[in-house]
Structures are given as structure tokens and as C-alpha cells.
1. Distances in nm, one decimal, shortest first, from B:LEU57 to the same residue in every other copy, taking the label point 7 angstrom along Cα→Cβ.
2. For segment B:48-120 and segment A:1-71, write down the distance between their C-alpha centroids in whole Å.
3. Along segment B:101-113, what does the Karplus equation 6.51 cos²θ - 1.76 cosθ + 1.60 (θ = phi - 60°) give for ³J(HN,Hα), rounded to whole Hz, x for Gly and Pro?
4. Compute the signed sum of charges (Lys and Arg +1, Asp and Glu -1) over the other residues within less than 10 Å, Cβ to Cβ, of A:SER90.
5. How large is the charge dipole for the protein assembly as shown, taken about the Cα centre, if only the Cβ atoms of Lys, Arg (+1) and Asp, Glu (-1) carry charge, to the nearest 20 debye?
6. Quickly estimate the mean residue ellipticity at 222 nm for chain B, helices only: each DSSP H run with n ≥ 4 gives -39500 (n - 2.57), and the total goes over all residues, rounded to 500.
7. Spin-label point model (7 Å from Cα, Cβ direction): what's the B:VAL6 to A:ASP42 distance in nm?
8. Taking the Cβ of B:ASP108 as the centre, find all other residues whose Cβ is under 13 Å away and add up their charges (Lys, Arg: +1; Asp, Glu: -1).
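Every read-out reported here was derived from the displayed coordinates using simple, explicitly stated rules and does not represent laboratory data. Just so you know, these numbers come straight off a predicted model, no measurement behind them. Every residue, glycine among them, receives a Cβ derived from its backbone with ideal geometry; neighbour counts consider all protein chains shown.
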Number of protein chains: 2
Amino acid sequence: MKNNHVFIEKLRSSGLRPTKQRIEICKLLFDRKDTFHFSISDLENNLENLSNKKISLATIYNTIHAFREKGYLKEISINSDKTYFDTNTSDHHHFFDESKKKLIDLNDNDLGKIKIKKILPGKKIKSVEVLVRITNDK
Amino acid sequence: MKNNHVFIEKLRSSGLRPTKQRIEICKLLFDRKDTFHFSISDLENNLENLSNKKISLATIYNTIHAFREKGYLKEISINSDKTYFDTNTSDHHHFFDESKKKLIDLNDNDLGKIKIKKILPGKKIKSVEVLVRITNDK
DNA sequence: ACACTACATTAGAATCATTATAAATTATAA
DNA sequence: TTATAATTTATAATGATTCTAATGTAGTGT
């Protein structure tokens with residue numbers, strides 16, 4: 001259980017005012033052992049259950065976008081009606097379980113090295129994202 | 001310039017009735033040398049310019065979804081407000097040029113083999129998608 | 001050729017995630 | 001404490017996609 005102070009510092013040091021809504025969302029996202037993959041509606045539901053203070057949907061969107069800009073979160077590319085975010089911001093990839101609509105981390109050991117041989121002059125690589133779609137095996 | 005007959009056969013052989021709308025869309029998508037990456041609105045614009053018959057938006061959606069189901073098209077995972085499709089249905093991956101908002105094919109030679117070492121019991125791999133985001137070098 | 005039926009097309013309405021707006025509230029610095 | 005700039009909020013607007021139900025059309029059998 002982390003102290004609020006940790007989050008207040010985290011926010012302040014990246015130029016975000018530590019409001020109670022932001023701290024509440026930090027606690028939910030970052031005060032946990034495992035990676036958290038979530039959509040805005042997941043987050044909304046979790047906030048409603050775990051804290052009795054209601055945070056407006058607009059604030060949830062604003063906060064998550066601010067957190068993404070500050071590098072607290074990674075956005076994950078899935079073709080889905082919803083956008084997914086990941087509290088694990090390190091270089092890594094994902095399974096997407098199409099039956100459960102759940103993301104699963106693939107860490108370095110789970111995936112061979114990816115070698116990109118094509119070079120485009122004047123361009124640089126910003127990120128490499130691998131998504132492995134899986135389904136129930138029949 | 002391909003003959004309509006080619007498309008009529010293509011459609012019929014996969015169980016789709018060769019209607020004039022479907023043939024028109026086939027001509028636009030598949031009567032070209034290079035891969036075509038497009039969104040529904042791209043397609044809509046192209047249809048409006050290149051053919052004088054108007055095809056309703058609902059039909060464009062229906063047709064593209066049917067074509068995807070029949071394997072004529074691949075859907076591409078980018079985080080975007082729009083869904084993108086690709087006339088190249090072979091196993092391949094993409095650059096996404098974030099400056100130009102354009103997709104570029106990566107063919108087999110452009111990318112080393114991707115090895116997935118993690119196995120989840122009861123699950124099978126449906127697809128592997130690699131997206132390499134690039135920006136202007138500077 | 002005719003009629004039948006299942007499949008397709010269509011305009012417009014509905015849906016739903018996300019973004020914008022503008023008024024009220026709050027954090028911070030002076 | 002006060003000023004001001006950032007933040008939160010309810011609500012409206014947006015826009016891609018899906019749904020609906022009426023009309024049209026292709027293919028089959030007669």
C-alpha cells in the first residue's frame with residue numbers, strides 16, 4: 001500500500017497538479033504489483049467500486065490522456081471499439097485473447113528478437129508493436 | 001484493366017452474389033498493381049470520384065465486411081479513429097509513418113522471423129501483427 | 001418468360017466511445 | 001487572503017460504425 005505522498009510527488013514532478021481525482025486514479029493504477037491493462041470503462045467501473053467518490057467521465061479521460069502524455073501509460077494498438085492502456089511502459093508486446101477480450105503481456109523472453117531490415121531514408125523507428133491474437137483452441 | 005468477368009467469378013466462387021455495387025468496389029480495390037491501404041471514408045471518396053454511380057454508405061460497410069470475412073481484405077490494427085484495410089492479404093506487416101499518416105508494407109524480406117515462445121494451454125494463435133511506427137529522422 | 005424466395009441495397013435512425021464547451025471549483029503563488 | 005490559472009464537471013456535440021425495415025434484385029424452379 002503506497003502512501004499518497006508518492007503519487008503527489010510523481011504528479012508534481014511532471015508538472016501536474018496533484019488533485020484528489022488524479023491521486024485517486026494513481027492509486028488505482030499504480031498501487032499494484034501486476035501490470036494493469038484497461039479501457040476507460042474498466043477504469044470507470046473500478047473507480048466506482050473501489051472509491052466512494054465519483055469522478056466524472058470527462059475527468060477520467062483528461063487524466064488518462066495527461067498520464068499517457070507524461071509517459072505513465074502506454075496506449076495499445078488493437079482494433080477494438082475501445083482504446084486500451086497499459087501501466088507497463090517498458091518495451092514489451094501482447095497477446096490479445098479474442099475470446100475473453102483480455103490482454104496478456106509478452107515479456108522479453110517470450111518473444112524472439114525482431115529484426116527490421118527495411119530502412120527508409122530520412123525516417124527513424126519510433127516504436128515496434130507486436131500483437132498476437134489468440135482464441136480458444138476449438 | 002481487368003475484365004468484370006474476373007470479379008464476377010471471384011464473388012460467385014466465394015458465395016457472394018455479383019451485384020453491380022460489389023463489382024464496382026472490386027474494380028476499385030483489386031484492379032491495381034500496388035497494395036491499397038484505405039479507410040471506409042477513403043473508399044467512399046474514391047468511389048464518388050471514379051464512378052458516377054453512388055453507392056450508399058451502408059452498402060460500402062456491408063461489402064467491405066463481407067470481403068474481409070471472405071479473405072479478400074485484411075484489417076490493420078492501428079490506434080486510430082478509423083479502421084484501415086489492406087488489399088494485400090498475405091502474411092506481412094507494416095510501417096506506419098506518423099508524419100504522413102500513411103501505411104507502408106513490410107514484406108517477408110523486410111522483417112526477421114518472429115518467434116513466439118510463450119504457449120497458453122487451450123489457446124491457439126490466430127494472427128501475429130507487427131506495426132513499426134516511424135517518424136521523420138531529424 | 002414468370003413467379004418465388006432469399007439475398008442485397010438503401011436512407012435514415014440509433015449507438016457508443018470520445019471530444020468539446022463553458023460554468024463552477026480548486027491549487028498554488030504572491 | 002486574494003488573484004489567476006489549472007482542473008473538474010455535467011452536458012452537448014461529434015463521428016465512425018451498426019441497426020432497421022422498406023424496397024430492389026439475382027438465381028432457381030416451373
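1. Ordered by distance, the counterparts are at 2.1 nm.
2. 34
3. Karplus-based 3J(HN,Hα) across segment B:101-113 equals 6, 10, 8, 9, 5, 10, 8, 3, 6, 7, 9, x, 5 Hz.
4. Numbers: positive: A:LYS74; negative: A:ASP86, A:ASP91, A:ASP105, A:ASP108.
Neighbourhood net charge equals -3.
5. Using only the charged Cβ atoms, the result is roughly 120 debye.
6. -10000 deg cm²/dmol
7. 4.5
8. Values: positive: A:LYS115, A:LYS117, A:LYS118, B:LYS113; negative: B:ASP91, B:ASP105, B:ASP110.
So the environment of B:ASP108 carries a net charge of +1.
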